[in-house]
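Report on the structure given below.
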Amino acid sequence: MNRQLIGYIQNRKHWCWAAACKMAGEQYKRLHKEYGFELVNEIAPMCGQVTYAQYESGVETNDMEGINWEIQSGDKVRIDAWQRAIVMNANTSKYQGYSGDVAGDDEAKARGIKYYLTGDIHSSRLEVECIGSFYDDCSFMDKYQSKVMESMQHNAYIIGNFVSEGKKECHSLVIMCMEGEWVMLYDPFDGAILYCSVEEVFYSGFQCSQGKGIIKWIQRII
């Protein structure tokens, strides 16, 4: 598999949030050229920064926990430099510099997007808004449709948090666009592009890598 494509597939079992942060941040950077933080730093790298060779080929790791073996090739295990850096700097359940398999809560996702764009997880240059909740009983779209459409009209990507039927699994996807009654989503688990109706995504349920479920809450850049 192409190394560039691997960068958008979660490299560890619980890194869906890191891959989603990377995609949301990258799209925002395309639209707002003033954000120029670079991950490559050959001279005095900060936590998570890498050499050009590591950026291009992936960063070697000896930590095999949660590794996505479907995307590995060659005799060295490598992980995407951006996903690794986001985890190292933005995770909230371990410590700065930890690059193992760790899930990301809502704060970690906000920090991850800010890190991608500015290199500072506490940056005040932008705000990441968390809307909705795992615990909401009513549909997300019944309460927040106008905010979703505002982001879509600006061609922004949104992190959509999926909850499977029976509330067994949570998973971060990327809402790439919405047109009329259709939604285009990206699944970081396997790189699948999903085309589903608004009804399926927010009400009745759609099928992704983690089973059938709906989007219950989001993160968006404002």
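The values are calculated or read from the model by the stated rules, or taken from the named source; none is laboratory data. Remember, predicted model here, so these are calculated numbers, not experimental data. So basically every Cβ, Gly included, is an ideal-geometry build from the backbone, and we count neighbours across all protein chains shown. The protein model used for the area step is the full one, side chains on, heavy atoms only, and it has no ligands, DNA or RNA in it. Shrake-Rupley method; radii C 1.70, N 1.55, O 1.52, S 1.80 Å.
To the nearest µm²/s, what D does Stokes-Einstein give for segment 7-103 at 25 °C and 0.890 mPa s, using the Kirkwood radius over alpha carbon pairs as Rh?
Numbers: Rh = 13.8 Å.
Approximately 177 µm²/s, per Stokes-Einstein.
What ranking, highest mean first, results for peptides 162-175, 133-146, 17-30 when packing means the other Cβ atoms within 10 Å averaged over each residue?
Ranking the peptides 162-175, 133-146, 17-30 by packing returns 17-30, 162-175, 133-146.
Per 10 Å bin from zero, what fraction in whole % of the C-alpha pairs of segment 135-222 is there, up to the bin with the longest pair?
18, 58, 24, 1
So, with +1 on the Cβ of K and R and -1 on the Cβ of D and E, and no other charges, what is the size of the charge dipole of the chain about its Cα centre, to the nearest 20 debye?
With only Lys, Arg, Asp and Glu charged at Cβ, the dipole is about 320 debye.
Please name whichever of GLY104, SER73, TYR55 sits farthest to the positive end of the charge dipole of segment 25-131, dipole taken about the Cα centre and charges placed at Cβ: Lys and Arg +1, Asp and Glu -1.
Positive-most Cα among the choices belongs to TYR55.
If contacts are Cα pairs under 8 angstrom and at least 6 residues apart, what is the relative contact order of segment 23-160 in percent? Numbers along the way, then the final one.
On the way: 152 pairs, mean separation 33.1, N = 138.
For segment 23-160, the relative contact order is 24 percent.
What Kirkwood radius, in Å to one decimal, follows from the Cα pairs of segment 84-174? It would help to have the intermediate numbers written out before the result.
Numbers: mean 1/r = 0.0684 Å⁻¹.
The Cα-based Kirkwood calculation yields 14.6 Å.
Which order do ARG12, ARG111 take when ranked by solvent-accessible area (1.4 Å probe, heavy atoms of all protein chains), largest first? Display every interim value, and only then the final one.
On the way: ARG12 0, ARG111 45 Å².
Largest to smallest exposure gives the sequence ARG111, ARG12.
Return the lysines within reach of LYS13: Cα separation strictly under 24 angstrom, same-chain partners fewer than 8 residues apart disregarded; answer none if there are no such residues.
LYS22, LYS76, LYS94, LYS109, LYS114, LYS167, LYS168, LYS212, LYS216
Gap in Å between the Cα centre of segment 187-222 and the Cα centre of segment 98-167?
If you average the Cα positions of each part, the centres end up 13 Å apart.
What net charge do the residues around LYS212 carry, taking every other residue with its C-beta under 11 Å from that of LYS212, with Lys and Arg at +1 and Asp and Glu at -1? Write down the numbers at each step before the final one.
Numbers: positive: LYS168; negative: GLU165, GLU169, GLU200.
My count for the surroundings of LYS212 gives -2.
Given a Förster distance of 25 angstrom, what is the FRET efficiency for ASN41 paired with GLU107, based on the Cβ-Cβ distance and rounded to 0.05? Let's see the in-between values first.
Working: r = 26 Å, r/R0 = 1.03.
With a Förster radius of 25 Å, E is 0.45.
Multiplying the sequence separation of GLU150 and THR51 by 0.36 nm and subtracting their Cα-Cα distance, what value in nm do you get? Don't skip to the answer; put the middle values down first.
On the way: separation 99, 0.36 × 99 = 35.64 nm, distance 3.76 nm.
Gain in length upon complete extension: 31.9 nm.
Please give the contour-minus-distance gain from LYS168 to LEU31: 0.36 nm per residue of separation, less the Cα-Cα distance, rounded to one decimal in nm. It would help to have the intermediate numbers written out before the result.
Values: separation 137, 0.36 × 137 = 49.32 nm, distance 3.59 nm.
Fully extending the segment from LYS168 to LEU31 adds 45.7 nm.
Give me the aspartates and glutamates in straight-line cross-link reach of LYS29: C-alpha distance below 18 Å, same-chain residues under 8 apart excluded.
The qualifying aspartates and glutamates are GLU38, ASP120, GLU127, GLU129, GLU150.
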